[in-house]
């Protein structure tokens with residue numbers, strides 16, 4: 001019997017220079033850092049990031065080793081599929097990436113990897129090989 005995926009992740013369609021698939025927040029942040037956003041998009045991005053920053057815990061603030069590049073160089077965050085209040089705002093990021101021709105993909109899994117961190121709305125894992 002097929003298990004309903006418990007986790008969802010949105011990430012780059014290709015690995016970056018460090019060999020990782022960057023999550024959509026990192027991709028959007030990269031567009032802003034590179035000065036590629038219009039004034040309107042930049043304002044939207046700032047507002048959207050602020051909303052997410054307030055809406056759920058930052059695993060790095062709870063356990064700095066989670067995203068430590070020497071300890072967990074391939075750590076990935078996945079939303080729990082029941083975190084609907086967070087997932088309903090994801091299309092704004094996907095639209096932003098699409099407008100800038102940044103390729104992304106959606107992954108769903110019930111077992112995305114070895115858990116490093118978990119809270120009510122997300123997990124951070126070392127992905128399965």
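Structure notes:
- Structure-based [θ]222 nm, the chain - -39500 (n - 2.57) summed over DSSP H runs of at least 4, per residue, nearest 500: -10000 deg cm²/dmol
- Largest-first ellipsoid semi-axes for the chain, taking √(5λ) over the Cα gyration tensor eigenvalues, angstrom: 23, 17, 16
- Cβ-derived FRET efficiency at R0 25 Å, residue 46 paired with residue 121, nearest 0.05: 0.70
- The angle between the Cα long axis of helix 90-99 and the longest principal axis of the Cα atoms of the chain comes to about 50 degrees, rounded to the nearest 10.
- Separation of the residue 62 and residue 101 label points, Cα + 7 Å toward Cβ, nm: 4.0 nm
- Segment residue 16-residue 86, extension gain: residue separation times 0.36 nm, minus the distance between their alpha carbons: 22.6 nm
- Gain on full stretching of the segment that runs from residue 6 to residue 111 - 0.36 nm per residue minus C-alpha separation: 37.0 nm
Bear in mind that the values in this text are calculations on the coordinates, not laboratory data. As the structure is a computational prediction, the values presented were derived from the model and not from experiment. Note: ideal-geometry Cβ built from the backbone for every residue, glycine included; neighbour counts use all protein chains shown.
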